[in-house]
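So the structure is just underneath, and the comments pick up after that.
Taken together, the values in this text are just the output of simple stated rules run on the coordinates, not laboratory data. From a predicted model like this one, the values you see are computed outputs, not experimental measurements. Here the Cβ positions follow ideal geometry from the backbone for every residue, glycine too, while neighbour counts run over all protein chains shown.
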Amino acid sequence: MSEPSFEDAQRELESIVQRLEAGQVPLDDAIALWERGEELYRLCRSRLDAAEGKIEELAKRVEAQKP
């Protein structure tokens, strides 16, 4: 199974948070949702960190091109 896109992972994470905050999930399901939420958070954080690195690199290139 391939990893979800950033946007799909974010949507799923938001859905998990809403379900957990509602407090209507049985304990075993809540634990499984929490674990899935952690996976999705790490995936999103990793993608954001990678994007930030790319943006910083592009900004450095632009600065280097200035006269």
- Message: Please compute the modelled spin-label separation between TYR41 and LYS60, points set 7 Å along Cα→Cβ, answer in nm with one decimal.
- Response: 3.0
- Can you tell which of GLU12, GLU38, GLU21 shows the greatest fluctuation in a Gaussian network model of the chain with Cα springs below 10 Å? GLU21
- Dimensionless Rg/Rh of the chain, both radii on Cα and Rh by Kirkwood, sits at 1.25
- Query: ³J(HN,Hα) across the range 44-50 via Karplus (A = 6.51, B = -1.76, C = 1.60, θ = phi - 60°), whole Hz, x for Gly/Pro?
  - Reply: 5, 4, 4, 5, 5, 4, 5
- Query: If you stretched the chain out fully between ALA32 and SER5, how much longer would it get, using 0.36 nm times the residue separation minus the C-alpha to C-alpha distance?
  - Reply: 7.6 nm
